[in-house]
Amino acid sequence: MLLWWLMGISGVLGQRDMKDKLLAFPKESSTSYVELLSDLLGPFGEAAVCLRFRSNLTRGYSLFSLSTRDGHNTFLLYYYPGTRNQIQLWVDHTYQDYKLHGNDFTQWTSICASWSSSVWAVWIDGTPYKEDGVPNVKISGVPVIIIGQKQTSHGGGFKASESFVGEITDINMWDKALTDENMMDYFAANEMSGNVINWNALNYNLIGEVKKRPYVDPYPCVPL
């Protein structure tokens, strides 16, 4: 009870329907972030995360950071810009690099990362990047999920130089890998709700200078 009380006074704690809302991270910081909370605590033998974002940063930054007491890079989605131009997906201390082509993250971008024992995949605006799976990888232990910072220790160790600056919306996480069809549904803005993290019923703790703002879909589906 004390932990929940402390979380409540340190930020904004609650379950909200975040449809048509975004999270805005206005400046580089080691003290501003969002903690996402879930009733599903694992262990997970596969998982997937989808989100939409935009950022003007020209340095590396974290898009999704999940840690357990077993390790801080338990499920991490990190972007390296410039000549490197890679998305790095970490699962249980193991990672894959995905070299990107012609992406402009200053505009709204949709990204999904899916992991199973057979296939690791990152999809960006409908373009797939896939690698063979890695055996004996799992997520075990109680997860701490952070948006806006990269965890270098369980639930902390934040560095301003790795923080996210920009806007993020429509974050969902599943305790299963996504199929190609699932991915395309997400990119087509079809309704998809994660069972670990559900953007339409989000439990979160807002810390520091993160702001919740209206989100207008830049590519709305218009009925014929």
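The values are calculated or read from the model by the stated rules, or taken from the named source; none is laboratory data. No experiment lies behind these values; they were computed from the predicted model shown. A quick note on method: Cβ atoms are made from the backbone with ideal geometry, for glycine too, and the neighbour counts reach across all protein chains shown. Areas reflect the complete protein model, heavy atoms only, side chains present, ligands, DNA and RNA absent. Shrake-Rupley method; radii C 1.70, N 1.55, O 1.52, S 1.80 Å.
Exactly one residue among Gly60, Gly82 is free of Cβ contacts under 8 Å to residues at least 60 places away in the same chain and within 18 Å of Phe164 (Cβ to Cβ), and that residue is Gly82.
Based on what the data block shows, is Trp174 of a type in the set (Phe, Trp, Tyr), touching an Asp or Glu at 6+ places or on another chain (Cβ under 9 Å) and either at pLDDT below 90 or open to solvent by less than 20 Å² (accessible area, probe 1.4 Å) (or both)? Yes; evaluated as a whole, the condition is true for this residue. Hey, could you check the range 59-73 for residues that are modelled with pLDDT of 95 or more and open to solvent by 10 Å² or more (accessible area, probe 1.4 Å) and say which is farthest from Gly148 (Cα to Cα)? By that ranking, first place goes to Arg59. Open to solvent by less than 20 Å² (accessible area, probe 1.4 Å), over 24 Å from Ala188 (Cα atoms) and either aliphatic (A, V, I, L, M) or modelled with pLDDT of 95 or more (or both): is that true of Leu76 in this structure? Answer is yes for this residue. Per the listing Lys150, Lys176, the residue uniquely closer than 29 Å to Arg69 by Cα, in a loop (DSSP other than H, G, I, E, B) and touching a His at 6+ places or on another chain (Cβ under 9 Å) is Lys150. Restricting attention to the range 130-147, the residues being in a strand (DSSP E or B) and surrounded by fewer than 16 Cβ atoms within 10 Å (Cβ to Cβ) number 3.
Residues in the range 14-30 that are among the small types (Gly, Ala, Ser) and either in contact with a Lys or Arg (Cβ under 9 Å, 6 or more places away or on another chain) or under 19 Å from Asn190 (Cβ atoms) (or both): Ala24, Ser30. In the set (1) open to solvent by less than 50 Å² (accessible area, probe 1.4 Å); (2) in contact (Cβ under 8 Å) with a residue 60 or more places away in the chain; (3) more than 22 Å from Asp39 (Cα to Cα), Ile207 fails one condition alone, (3).
Among the residues of the range 53-72, those that are assigned to a strand (DSSP E or B) and touching a Lys or Arg at 6+ places or on another chain (Cβ under 9 Å) comprise Tyr61, Ser62, Ser65, His72. Is it the case that Glu191 is part of a loop (DSSP other than H, G, I, E, B), free of Cβ contacts under 8 Å to residues at least 40 places away in the same chain, more than 20 Å from Arg54 (Cα to Cα) and more than 15 Å from the chain's Cα centre (by Cα)? Against the criterion (part of a loop (DSSP other than H, G, I, E, B), free of Cβ contacts under 8 Å to residues at least 40 places away in the same chain, more than 20 Å from Arg54 (Cα to Cα) and more than 15 Å from the chain's Cα centre (by Cα)), Glu191 qualifies.
Each residue in the range 156-171 was checked for being within 13 Å of Val34 (Cβ to Cβ) and open to solvent by 30 Å² or more (accessible area, probe 1.4 Å), and 2 of them qualify.
Of the residues in the range 73-129, how many are over 16 Å from Val49 (Cβ atoms) and in a strand (DSSP E or B)? Going through the range 73-129 one residue at a time, the tally reaches 6. Filtered by the rule that a residue be within 22 Å of Ile139 (Cβ to Cβ) and open to solvent by 70 Å² or more (accessible area, probe 1.4 Å), the range 177-204 gives a lone residue, Asn195.
Quick check: anything in the range 213-221 open to solvent by 70 Å² or more (accessible area, probe 1.4 Å), at pLDDT 85 or above and closer than 28 Å to Glu131 by Cβ? No, that holds for no residue.
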